[in-house]
Amino acid sequence: MSATTEAQPESLVSESAESEVVIETRNLGKIYRDFWGRKKVTALKALDIEVRKGEIFGLLGPNGSGKSTTIKLIQGLLFPTSGRAFVFEKDARDVTKNERIGYLPEESYLYKFLNAEETLDFYSRLFDIPASERKERADKLIRMVGLQSARRRQLREYSKGMTRRIGLAQALINEPDLLILDEPTTGMDPIGSREMKDLIIRLRDEGKTILLCSHQLADVQDVCDRVAILHQGELRELGRVENLLKVRDVTEVHAKGLSDDTKSKIADLIRNDGGEVVSIDNPTTSMEELFLDIVQDDKPGSRPSAS
């Protein structure tokens, strides 16, 4: 590895060397079988990913791509057919790891006759949080998710966006180190969606590791550090968002202080003319375009089938 490693910027080398791995899957696979044990669906095939401490990791894919299966395997709710999953260096089937995990499912399973305060008090008791801390923690989370004015309304009166907010508060009640969010902005208007994304970034900046699963590709592009794209149970793409979205065969030059003649010249001519090169870089596509290109390339007949 000498040539490749030496060529890497020092910051990238130190980042990869020092980052603690929170979630790791090794050759992880899951086959669903019917009542007679016959193979029915291959939901996940040989998945290898790492989610590092303090990052927002996006898990993307169309319906049936294996996202939900991956989340359930990581949480220990399903047993793998092949490979293993680790969370905090423990086997995913070890239930003790769950004390450090907060989970917001796509559909929050909350008691509709309780209000926000009662909901958070209930889940605090499940985690054996002392009575002296429960009210203070609930107050803090209600303020964090912006439900102060609705804290005593029953959840059955909440809108979908408000339900997502109290669901996030519930996922944070145990002050988890790892937060798993499934479609966190579903049902929110643009303002609420922006506030939720800002909150997710804030939680990352406070040191939490976040695994985010979403169909809202713009949301993923806005908040994720790295993404994995799944399709038909297989990992199709993995990397940092800004790197995946670069269009490699096109170069953009942004400059200022130039005459019309020098705008068509390359960087050296710009400098010789006395202008300032603001940036020379690859333009980026959008997360939506990248996602659709990957998925469309995998339509039947578009690429050779795996042996």
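Observations
- Cβ-Cβ distances below 6 Å connect the following pairs, each with a first residue in the range 77-93 that is more than 18 Å from Val41 (Cα to Cα), a second residue that is not charged (D, E, K, R) and not in a strand (DSSP E or B), and a separation of six or more residues or different chains: Ala85/Leu73; Ala85/Ile74; Ala85/Ala92; Ala92/Ile74; Ala92/Gly76; Arg93/Gly76.
- Reported count of residues in the range 85-113, each being closer than 21 Å to Pro184 by Cα, in contact with a strand residue (DSSP E or B) (Cβ under 9 Å, 6 or more places away or on another chain) and among the hydrophobic types (A, V, I, L, M, F, W, C), is 2.
- Total residues in the range 199-231 satisfying the condition of being farther than 23 Å from Leu244 by Cβ and among the acidic types (Asp, Glu): the figure is 1.
- Search result, residues across the range 74-100 that are in contact with a Gly (Cβ under 9 Å, 6 or more places away or on another chain) and either polar (S, T, N, Q) or buried (at least 20 other Cβ atoms within 10 Å of the Cβ) (or both): Pro80, Thr81, Ser82, Ala85, Val87, Ala92, Lys97, Asn98
- Looking only at the range 132-180, and only at residues there that are touching a Phe, Trp or Tyr at 6+ places or on another chain (Cβ under 8 Å) and without any contact (Cβ under 8 Å) to a residue 60 or more places away in the chain, the one that is surrounded by the fewest Cβ atoms within 10 Å (Cβ to Cβ): Arg156
- The numbered conditions (1) modelled with pLDDT of 95 or more; (2) on the phi > 0 side of the Ramachandran plot; (3) among the acidic types (Asp, Glu) are all true for Glu183 except (1).
- Note on the range 181-205: residues that are touching a residue at least 60 places away in the same chain (Cβ under 8 Å) and in a loop (DSSP other than H, G, I, E, B) total 3.
- Residue in the range 35-57 that is at pLDDT below 95, crowded, with 18+ Cβ neighbours inside 10 Å and small (Gly, Ala, Ser) present: yes
- Failed item, numbered, when Pro130 is tested on (1) touching a helix residue (DSSP H, G or I) at 6+ places or on another chain (Cβ under 6 Å); (2) over 22 Å from Leu60 (Cα atoms): (1)
- Of the strands (runs of 3 or more DSSP E) lying entirely inside the range 206-303, those carrying at least 1 residues that are modelled with pLDDT of 70 or more and surrounded by fewer than 13 Cβ atoms within 10 Å (Cβ to Cβ) are 234-240, 252-256, 276-281.
The values are calculated or read from the model by the stated rules, or taken from the named source; none is laboratory data. Only a predicted model underlies this, so the values are computations on that prediction, with no experimental measurement involved. FYI the Cβ positions are ideal-geometry reconstructions off the backbone, even for glycines, and counts take in every protein chain you see.
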